[in-house]
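Enquirer: Handing you a structure now.
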Amino acid sequence: MPDSTAPGIRLVAGLGNPGREYDGTRHNVGFAVVDRLASLLGASFTKEAKWDALVARVPGSDLVLIKPTTFMNLSGEAVGDYARFHRIPSFATLVVADDVALPLGALRLRKEGGSGGQKGLESVLVHFSSEQVPRLRVGVGGASGADLAGPVLSCFRPEEQTLASESISRAADAALCAVRNGMENAMNLYNASPASDKSSNNTANQP
C-alpha cells in the first residue's frame, strides 16, 4: 500500500540530451530509465512542443513521465514549466539522472538536497527555486579528474553493457516503488546494494 503520509510523486523527469548521437551514453541514463518505466506502465511518449519535451501520461493514473528535449543543462526549463502549469509541486517531482561519481550499478534516492554538480538537476532546482526535489541518481562510473565531459558523453563499454542494462531496469523499479509506496520505502529498498533489494514485488501493478 502507498504511504499516505508522504506526498505522492506525480511527475517523473528523466534527464538526458536529445539526438541520436547521445543514445546509449552514460549521460542519457535518465532517459533510458523513464523509457523502461513507460514500458512497465504501458505509456507512450509523444513530442509536446509547448513544453519542449517528450511526455507520457500513464493510463488510469495521474502520473506523468517527461523527457526534456532542451539538452541536459537546460532541463529545468521544460520540467519547471510543465510542473508549474499543472500545479505539481517540487516535492511531487522525481528527477532521474546519471551520477558519474557513483559506481555503475549503484542507485541513490534522496528526498532533497543540492545538485552535486549534475547540471541537469541543478537546472531543475533553479527553476523550482527549491532543493525539495526528490531525485534518483543512477551510477554510471567513469569519474576521473576534473573534466567529466568525456566520460559522461561516452557509451558503456562492451563489458559494462550487462550491468548497465540491469541497473536501468532496477532504477525503473526504484522509481515505480517511489511512486507507489513513497520515497522512504524506495530509499530503504534501493539505496542498498543491488543484491539486497527486494524489487521483485514492485512492478506488478500500475500506480
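Enquirer: Could you tell me which of the residues Gly120, Gly80 is among the small types (Gly, Ala, Ser), touching a helix residue (DSSP H, G or I) at 6+ places or on another chain (Cβ under 7 Å), at pLDDT 95 or above and crowded, with 17+ Cβ neighbours inside 10 Å?
Expert: Values: Gly120 fails: at pLDDT 95 or above.
Just one listed residue meets the conditions, Gly80.
Enquirer: Another question, then. When you check Ala171 against the structure, is it over 16 Å from Ala32 (Cβ atoms), among the hydrophobic types (A, V, I, L, M, F, W, C) and touching a Leu at 6+ places or on another chain (Cβ under 9 Å), yes or no?
Expert: no
Enquirer: Inside the stretch 1-78, counting only strands (runs of 3 or more DSSP E) that do not spill past its ends, which hold 2 or more residues that are under 15 Å from the mean Cα position of the chain (by Cα) and in contact (Cβ under 8 Å) with a residue 12 or more places away in the chain?
Expert: Filter on the stretch 1-78 gives 11-14, 53-57, 64-68.
Enquirer: Still on this structure, I have one more. If Asp98 passes every condition in (1) crowded, with 23+ Cβ neighbours inside 10 Å; (2) in a loop (DSSP other than H, G, I, E, B); (3) acidic (Asp, Glu) but one, which one does it miss?
Expert: Going through the list (1) crowded, with 23+ Cβ neighbours inside 10 Å; (2) in a loop (DSSP other than H, G, I, E, B); (3) acidic (Asp, Glu), Asp98 breaks only (2).
Enquirer: Restricting the search to the stretch 58-70, which residues are buried (at least 17 other Cβ atoms within 10 Å of the Cβ) and over 22 Å from Ser165 (Cβ atoms)?
Expert: Of everything in the stretch 58-70, those that are buried (at least 17 other Cβ atoms within 10 Å of the Cβ) and over 22 Å from Ser165 (Cβ atoms) turn out to be Val58, Leu63, Val64, Ile66, Pro68, Thr69, Thr70.
Enquirer: If you go through the stretch 101-122 one residue at a time, how many are of a type in the set (Gly, Ala, Ser) and assigned to a helix (DSSP H, G or I)?
Expert: Let us first name the residues in the stretch 101-122 that are of a type in the set (Gly, Ala, Ser), namely 101, 105-106, 113-117, 120.
Right, trim to assigned to a helix (DSSP H, G or I) and you get 120.
So the count comes out to 1.
Enquirer: Regarding the stretch 32-42, can at least one residue be identified that is under 15 Å from Val124 (Cβ atoms), surrounded by 14 or more Cβ atoms within 10 Å (Cβ to Cβ) and at pLDDT 95 or above?
Expert: yes
The values are calculated or read from the model by the stated rules, or taken from the named source; none is laboratory data. Nothing here was measured: the structure is a model prediction, and the numbers come from that model. Counting neighbours? That spans all protein chains shown, and the Cβs are built from the backbone with ideal geometry, glycine included.
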